[in-house]
Amino acid sequence: MDEDAWERPVARAQSLEGLLNLAGPLIEIATLPRAQTPVRQLLVYDPLDRPAGRGDLLVAVGVDPHGAAAEKLLRDAGAAGAAGVVLREARDGGRKQELRAVAEQAGTALLFRTAWVDWPRVITTLRAAAATGPVPGSANVPLGDLGGLARLIAVQVRGAVTIEDPDSRVLAHYAESADLDPIRIRTVTTGQVPEERQQAMSEGGFFKELWSTDRVLHRRAEGDVPERLVLAVQAGGERLGSIWVAALSGQQLPDGAAEALQVAAQLAAAHLLHHRSRHHGRSELLTEAARSVLDGRGSGALLARHSGMPADGHCAVLAVGVAGPLDDDLRVRLERHAGWHPAGPGRSSLLLPSERGVLILLAGLAPDLPTAELQVADFGRRLAADLSARLKTRALAGLGPVQDRLDHASRSRESAELALSGLLFGRAELGCATVDEVADAVALRHIVETLRELPLPVRTSVSRLVAHADQKGDRAPLDALRAYLDHSRELGRAADTLGVARTTFANRFHNKVLKISGLDVDNPDARLLAHLQLRLLDHDPTAP
């Protein structure tokens, strides 16, 4: 065995730049004046604890980035020679610039926790990254290249290698011979250790032993199952994965294979952490990154870096839903078909689930505003028509106004959701609309929702009809009054809408509806209140 094939890791501190490279999209770098500063330790900042020391990376949980305490912490960190400070992301771009200036003057790194992750995840990832130490360059494997690492290990141990995550999923594998045992073949081809094999190892206590030791475990050959070596890869108390080595059929692993695997595991920690921070839950991370931008609390530049969307340039948001109830099955179908729809205008788009359906963020629209607006309107019309045909129900798209950069996309989302609410509440047969096109319906919806929260001290004409319907099981008077008011008090048109003879409708209206309700149809205030309460009843059967 070539003992000089790779450099044996030397215990030394991870540089700040190396640590941040492993942390990946969880951290946004504002300023990094001394990238190669060794990180001595990760310190969760508490003003009541001892002051920061040289090389400390301070995680400022509970420090408001918009307050004076954040500026003081940056100055104190610079004076102490700390490696840097991690703050909660500041929503205001101007405030970020102010803090950046303070950090640069203090000579310390300023880092922001991205808006879509929580502190525990940031802390565990940074702690693991700090524990890995630098990756030796002589290993000649680019950081994150697990396939290259598996090949390098296989050459050293002269066996078949799999690198697995903590759930026994295969992340990479390599063997210089195709002569593998059946379990190895099945594991590699399915990308997962066979379930029955996992269960047997779990019940036998093997996994418990694996994750509780830092030494190489050896399993003797059994029948057609060759001998195996396995070692857990952990850093900073985090389980990152495991490396398995199996002897090729008819062969034995060479002397020194266990030692080579021990060295490899120390190298693998950085590779697995890098892989996890960028690939594990990537779609979920990207979704949360986009959601934070649309909520107005995230960084457009950071979303652009991890999604490929242009940070600068025209963008817009569409809010898409369906008329009527949105059950779980319809929600899934809406998301799926919206994702299958031909790509929208511009260079890229993202789809996010929302309370009423989905949000679609379009970016890289035409540079001139009128053309960009036409692109959004055309896409909204085509999307609503396509979804309506596929879902067999009426799909609606609220169109948000075009914005000049991703940082302003939340403004488009707010208008798009208001437009969708107007389409859902109103009675116009529109497939898509801007908020201005359904402004009356949006305003009426807000009035009706306000009315829902106001208990009335008296019985109204509509409440009498509701009481009659509850007692007699007869909602016809309510339907008749609704048709009458919807058609501007024209009895004939109201009768036609309900499919009732005009004379019959007129007689029932005067002799039953008005008698039960007590409505004064000549009083505009009474008609207005009745109409509002009927609209409230349409959207809340328990009212008024």
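Under the criterion of Cα pairs below 8 Å and six or more residues apart, the relative contact order for segment 393-542 equals 18 percent. Taking every DSSP beta bridge that has both ends in the chain, the antiparallel portion is near 75%. Each DSSP beta bridge with both residues in segment 31-161 is either parallel or antiparallel, and the antiparallel ones are about 10%. Subtracting the Cα-Cα distance of residue 210 and residue 17 from 0.36 nm times their residue separation leaves 66.3 nm of extension gain.
With the full set of protein chains in place, find how many percent of the accessible area of segment 394-544 is carbon and sulfur; take the probe as 1.4 Å.
Details: 3980 of 7940 Å².
Its accessible area is 50 percent carbon and sulfur atoms.
Along segment 236-248 the Karplus relation, 6.51 cos²θ - 1.76 cosθ + 1.60 evaluated at θ = phi - 60°, assigns HN-Hα couplings of x, x, 9, 7, 9, x, 8, 10, 10, 10, 10, 5, 5 Hz to successive residues, with x for each Gly and Pro.
The residues of the chain present an accessible area of 48 Å² per residue when probed at 1.4 Å with all protein chains retained. The smallest convex shape that holds all Cα atoms of the chain, its convex hull, gives 233 Å³ per residue. For the Cα atoms of the chain, what angle does the longest principal axis make with the long axis of helix 119-132, in degrees from 0 to 90, nearest 10? Between the helix axis and the principal axis of the chain, the angle is about 20 degrees. Each principal axis of segment 31-172 carries a Cα extent, and these read 59, 29, 29 Å when sorted largest first. Taking all Cα pairs closer than 8 Å and separated by 6 or more residues, the relative contact order of the chain comes to 10 percent. Contact order, relative form, for segment 482-544: 21 percent (alpha carbon pairs under 8 Å, 6 or more residues apart, mean separation divided by residue count).
Taken over the C-alpha atoms, segment 468-518 has Rg and Dmax values of 10.3, 29 angstrom.
With the convex hull constructed from alpha-carbon coordinates only, segment 392-435 shows a mean projected area of 3.3 nm² over all directions. Reported to the nearest whole Å, the Cα centre-to-centre distance from segment 16-64 to segment 199-260 is 35. Residue separation of residue 221 and residue 95 scaled by 0.36 nm, minus their Cα-Cα distance, works out to 39.1 nm of gained length. Annotation: amide H of residue 431 has no partner in the under-5 Å range at sequence separation 5 or more or interchain, hydrogens built in the peptide plane.
Using a/c under 1.5 as the rounded threshold, could you call segment 137-261 rounded, prolate or oblate? The axes a ≥ b ≥ c are square roots of the C-alpha gyration tensor eigenvalues, and prolate needs a/b larger than b/c, oblate otherwise. Because its axes are fairly even, with a/c under 1.5, segment 137-261 counts as rounded. Label-to-label distance for residue 385 and residue 501 is 4.4 nm, based on points extended 7 Å past Cα in the beta-carbon direction. The sum of -39500 (n - 2.57) across all DSSP H runs of n ≥ 4, divided by the residue count of the chain, sets its helix-only mean residue ellipticity at 222 nm to -14500 deg cm²/dmol.
Computed from phi, the 3J(HN,Hα) profile of segment 59-68 under the Karplus parametrisation 6.51, -1.76, 1.60 (θ = phi - 60°) reads 9, 8, 5, x, 8, 6, x, 8, x, 5 Hz, with x in place of Gly and Pro.
The P(r) of segment 456-544 has a tail past 17 Å containing 43 percent of all C-alpha pairs.
Taking amide H atoms as placed 1.01 Å from N in the peptide plane, the amide H of residue 348 lies under 5 Å from those of 363, each 5 or more residues away in sequence or on another chain.
Stretch residue 80-residue 61 to full length: gain in nm at 0.36 nm per residue minus the Cα-Cα span? Let's see the in-between values first.
Working: separation 19, 0.36 × 19 = 6.84 nm, distance 1.90 nm.
Full-extension gain reported as 4.9 nm.
Between amide H atoms placed 1.01 Å from N, distances below 5 Å from residue 45 occur with 59, 60, 61, all of them 5 or more places distant or on a separate chain.
The values are calculated or read from the model by the stated rules, or taken from the named source; none is laboratory data. It should be emphasised that the depicted structure is a prediction, and the values quoted were computed from it without experimental measurement. When we count neighbours, we look across all protein chains shown, and the Cβ atoms used for this are built from the backbone with ideal geometry, even at glycine. Calculation scope for accessible area: heavy atoms of the full protein, side chains included, ligands and nucleic acids excluded. Shrake-Rupley method; radii C 1.70, N 1.55, O 1.52, S 1.80 Å.
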